[in-house]
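Laboratory data are not the source of any read-out in this text; all were calculated from the coordinates shown. Not measured: the values here are computed from a predicted model.
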Amino acid sequence: MNCLIVDDHEIARSTLKQLIKFEDSLKLISECANAGDAYKIIAGQKIDLIFLDIEMPEVSGIDLVKGLGDKRPLIIFISGNREYAADAYDLNVVDFITKPVTLDRFLKSIIKAKEIFKNQDVFVPSKQDEFIFIRDSSIIRRIKLTDIEYFEAQGDYVKIGTASKTYAIYSSLKSVEGKVSGDFFLRVHRSFIVNVGKIDTVEGSTLIINKSFIPVSDAYKAVLNKRMQVL
């Protein structure tokens with residue numbers, strides 16, 4: 001993975017450069033001390049992973065991530081202040097490491113980043129094809145939309161449920177919803193998108209698909225009933 005270090009403290013950057021040398025899968029592309037320079041580097045080079053400080057002059061690391069949008073590189077926040085952890089994880093980042101960074105803690109974070117990097121892609125080639133491709137470890141796998149029962153948000157991942165197997169991709173449910181919305185799928189809860197044609201029963205605030213119990217939020221009930229064309 002191509003890496004970028006963004007930290008306004010030179011000692012912190014030097015420490016990370018030494019730690020990166022212990023992991024063969026990492027290639028340090030550049031380093032910088034502020035968000036402005038980081039934007040320029042990301043725009044001009046392929047960056048897969050950013051080691052990012054939070055407290056920096058003018059633009060914080062959190063604001064930098066917000067500005068990068070959904071197509072950003074993977075992010076590992078590194079900060080001396082634990083109070084930022086909750087805000088950091090709300091941004092769907094790989095990890096939050098508290099300074100000073102130890103080799104053991106660094107390598108554990110990289111293991112997580114590598115796993116996410118292998119599983120981060122999902123796309124729909126075209127509507128009429130009615131299938132998606134996902135990255136399943138090192139394999140690009142095709143799944144028919146009609147085989148998918150539901151999508152479930154699980155932290156940094158989205159679980160894809162089918163009758164025979166489940167898969168996990170590194171994505172947000174919002175991103176998935178934008179790619180598979182249409183005749184098949186409907187959002188029924190902040191954490192669930194379901195294949196309407198796979199619904200077995202609905203009772204109260206719960207629907208069942210192939211023995212899986214899925215919650216239905218009040219905000220989505222009317223839309224669900226209309227889609228199911230309940231008589």
- Out-of-range pairs (alpha-carbon distance over 22 Å; input Lys46/Lys66; Lys27/Lys114; Lys27/Lys159; Lys21/Lys112; Lys144/Lys179; Lys21/Lys66): Lys27/Lys159; Lys21/Lys66
- Query: In the chain, if every C-alpha pair distance is counted and binned at 5 Å from zero, what percent goes to each bin?
  - Reply: 1, 6, 13, 16, 15, 13, 10, 9, 8, 5, 2, 1, 0, 0
- Message: Along each principal axis of its Cα atoms, how long is the range 125-228 end to end? Whole angstroms, biggest number first, please.
- Response: 41, 30, 24
- Message: Run the reach check for Lys221 against aspartates and glutamates, Cα to Cα strictly under 14 Å, same-chain hits fewer than 8 apart removed. What comes back?
- Response: Glu203
- Note on the structure: With 0.36 nm assigned to each residue of separation and the Cα-Cα distance removed, Gln45 to Gln229 gains 61.2 nm
- Note on the structure: Whole-Å distance linking the alpha carbon centroid of the range 25-74 with that of the range 78-100 is 15
- Message: Report the Cα-based extents of the range 25-109 along its three principal axes, largest first, to the nearest Å.
- Response: 31, 29, 23
